[in-house]
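J.: Sharing a structure, written as structure tokens. Questions coming.
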Amino acid sequence: MDEEVIPILRVEDAAAAVAWYERIGFAKQWEHRFEPGLPAFVEVARGGVRLFLSEHEGDARPDTLVYLRLRDVDAIAAELGVRAKDAPWAREIEVRDPDGNRLRIGTPTE
């Protein structure tokens, strides 16, 4: 088993959050609810990068900042209508998902 960290982000509407993350290359892996009508807990992944999206109160709070190191930040920037900027370590953007979670996305500089 590879060790890893999987951030948990609080979302109000898991289906809407999944649709937003799909725009930047993530795909829904699974969804769990204890019973129909109860809050959802969802995993989305893009290659080896995974996030948990939770409708459960108390799992996380909005305004969290997560750094994602992904390929082709310029394509992601174009999809989201933002401009990438060069930093000494990566070409980056910073965006908020529909629930206010902050994502800094960077493609490392060669």
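Each value in this text was obtained by applying a stated rule to the coordinates, not by laboratory testing. All values derive from a computational prediction rather than experimental measurement. Neighbour counts are summed over all protein chains in view; Cβ atoms, including those assigned to glycine, are modelled from backbone coordinates with ideal geometry.
J.: In this structure, does residue 42 turn out to be of a type outside the set (Lys, Arg), in contact with a strand residue (DSSP E or B) (Cβ under 7 Å, 6 or more places away or on another chain) and under 18 Å from residue 102 (Cβ atoms)?
T.: Against the criterion (of a type outside the set (Lys, Arg), in contact with a strand residue (DSSP E or B) (Cβ under 7 Å, 6 or more places away or on another chain) and under 18 Å from residue 102 (Cβ atoms)), residue 42 does not qualify.
J.: What pairs can you find where one residue is in region 94-107 and in contact (Cβ under 8 Å) with a residue 40 or more places away in the chain, the other is assigned to a strand (DSSP E or B), and their Cβ atoms are less than 6 Å apart, with a gap of 6+ or different chains?
T.: Pairs found: 101/9; 105/68; 105/93.
J.: Considering 50, 33, 23, which residue is over 20 Å from residue 80 (Cα atoms) and not aromatic (Phe, Trp, Tyr)?
T.: 33
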